[in-house]
Amino acid sequence: MYTQAMDLAPKEEQRHVRSLEEVELMRRFDAKIDAGDYVEPKDWMPEHYRKTLVRQISQHAHSEVVGMLPEGNWVTRAPTLKRKTILLAKIQDEAGHGLYLYSAAETLGTSRDEMQAALHSGKAKYSSIFNYPTLTWADMGVIGWLVDGAAIMNQVPLTRCSYAPYARAMVRICREESFHQRQGFDALNVMMREGTPEQRAMVQDATNRWWWPSLMMFGPPDAESVHGTQNMRWGIKRISNDDLRQKFIDATAEQAKVLGVTLPDPELKWNEARGHHDFGPIDWAEFWRVVGGDGPCNKERLAARVKAYDDGAWVRDAALAYARKQATRQEAA
Ligand code: BYC
């Protein structure tokens, strides 16, 4: 009998002839996953599981760090001191999330330098959503409400991911994301209730621009998801792309009513029989274009990250020189 992992590993791994010892290790690994146990860095794991996690966790880390850029655009133009302080704190949180996630990925044996080199060369992906521009202040609220809202929906199940360091990082990240979502909703609510007609129109316009890209954050439809089945089998993903997207739409449709904005989908409607909202078609051609590097801001985002890395070279050099000096002093003592 074949194990799931054997069925679904890439071709080169399937051709690999396993020793009896390896077959036994694989059997124990599958049993551990089936029992809902967590995998720690020192535990044996199939190479494909390790690679999948490095791919997903590093993409997630890159998303957090690149995700600081669209918001950074508004730090100097926040309308009040209170909103500026909140925005700064949120952006700092995203940097922290990137750090926890790079650290979690490093436990799998890939260095941060390797992960960053993959990002800077355009080889590694980051979330499609951060390739859209932030045109008005209302975009800051809508990013909190919709983008962080979608992120939480996707990330809460990751707190139960089978790889323990990722699951642990996600617990703290989700707590912080929850504040991010609420501050976004609050900023929009103030504009909708106490704002001018122009401010309300600005909120509606931002909602129109971010709604469809937010739905794309959950990834391609299940039928086209390359990694979905294997990730669910391994307990990396607990809920499929389409199911998470549906949960997000159901929750957000109600929040939009409270806010008083219209979601830009004429087909959005509660379906009593399904117990869910029906919604219109998503433009998957646009999604793949953006993921493939041809979104409105892809080039700008990557250039900003490469510049930040290059500008920070002296800090890394200084930190290394200091660490070497400390080590030499300790050896001499
Ligand atoms: N954008 O087989 P699939 C945040 C790729 S940041 C780009 O379904 P999987 C925040 C996918 O990687 C939140 N690429 O993949 C920060 C794969 O390509 P590769 C970021 C996408 O892994 C600052 C291919 O399409 N969250 O919260 O099973 C401010 C086929 O997809 C996208 C995470 O990263 C996309 N949207 O599922 C505010 C969560 N979707 O790798 C907020 C962790 C798919 O074969 N990640 N692709 O070349 C995940 O949960 C999963 O990786 C995904 C995709 C649901 C994204």
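Since every read-out is calculated from the coordinates, none of them should be taken as a lab result. What you see is a predicted model; the values in this text were computed from it and never measured. All Cβ positions, glycine included, derive from the backbone under ideal geometry; neighbour counts span all protein chains shown.
Backbone N atoms of segment 226-255 closer than 20 Å to the 7 Å Cα→Cβ label point of residue 269 belong to residues 246-247, 249-255.
Computed over neighbours whose Cβ is under 12 Å from that of residue 318, the net charge equals +2, Lys and Arg +1, Asp and Glu -1.
Hand me the GluC sites (Glu not before Pro) from segment 253-333 located in a DSSP loop with no more than 13 other Cβ atoms within 10 Å, in residue order please.
Values: sites: 254, 267, 272, 286, 300, 331; in loops: 267, 272.
The qualifying sites are 267, 272.
Annotation: lysines with alpha-carbon distance below 21 angstrom to residue 325 (same-chain offsets under eight excluded): none found. Using a Förster distance of 45 angstrom, determine the FRET efficiency expected from the C-beta separation of residue 190 and residue 227, and round it to 0.05. Working from the Cβ atoms, E equals 0.65. Ranked by the mean number of other Cβ atoms within 10 Å of their residues, highest first, the peptides 228-237, 137-146 come out as 137-146, 228-237. Among the trypsin sites (Lys or Arg not before Pro) within segment 101-169, those in coil by DSSP and having at most 12 neighbouring Cβ atoms inside 10 Å are 123.
Each of 274, 200 was scored by other Cβ atoms within 10 Å of its Cβ. Arranged with the fewest first, they read 274, 200. With both labels modelled 7 Å from their Cα along Cα-to-Cβ, the residue 120 to residue 317 distance reads 1.4 nm.
With the simple model of a label 7 Å out from the Cα in the direction of the Cβ, residue 23 to residue 111 spans 3.9 nm. For segment 154-195, a/c is not less than 1.5, where a ≥ b ≥ c are the root eigenvalues of the C-alpha gyration tensor, and a/b tops b/c. That puts it in the prolate class. Just list whichever of 82/125; 125/269; 84/307; 90/125; 247/307; 42/90 have alpha carbons separated by over 31 Å in the model shown. From the list (82/125; 125/269; 84/307; 90/125; 247/307; 42/90), the Cα-Cα distance tops 31 Å for 82/125; 125/269; 247/307; 42/90. Distance between the C-alpha centres of segment 282-333 and segment 105-137: 9 Å, rounded to the whole angstrom. With the charge dipole of the chain set up from +1 on Lys and Arg Cβ and -1 on Asp and Glu Cβ about the Cα centre, the Cα lying farthest toward the positive end among the listed residues 81, 229, 292 is that of 81. A viscosity of 0.692 mPa s and a temperature of 37 °C, combined with the Kirkwood radius over Cα pairs in Stokes-Einstein, give a translational diffusion coefficient for segment 149-223 of 228 µm²/s. Here the chain is assigned +1 on the Cβ of each Lys and Arg and -1 on the Cβ of each Asp and Glu. Its dipole about the Cα centre then comes out at about 800 debye.
Let's test the formula: R0 of 56 Å, r as the Cβ-Cβ distance of residue 208 and residue 42. What FRET efficiency results, to the nearest 0.05?
0.70
Classify the chain as rounded, prolate or oblate from the Cα gyration tensor: take a ≥ b ≥ c as the square roots of its eigenvalues, call it rounded if a/c is under 1.5, otherwise prolate when a/b beats b/c and oblate if not. Oblate. Treating each Cα of segment 200-270 as one equal point scatterer and applying the Debye formula with no solvent, the log10 of I(q)/I(0) at q = 0.13, 0.16, 0.20, 0.27 Å⁻¹ comes out as -0.46, -0.64, -0.86, -1.23.
If one puts a single equal scatterer on every Cα of segment 256-333 and applies the Debye formula without solvent, what log₁₀ I(q)/I(0) results at q = 0.11, 0.18, 0.20, 0.28 Å⁻¹? Taking Cα atoms of segment 256-333 as identical point scatterers yields -0.66, -0.93, -0.98, -1.17. Compute the Cα gyration tensor for segment 173-309, then decide on rounded, prolate or oblate, letting a ≥ b ≥ c be the square roots of its eigenvalues: rounded whenever a/c is under 1.5, prolate when a/b is larger than b/c in the other cases, and oblate in all that remain. Judged from the Cα gyration tensor, segment 173-309 comes out oblate (a/c at least 1.5, b/c at or above a/b).
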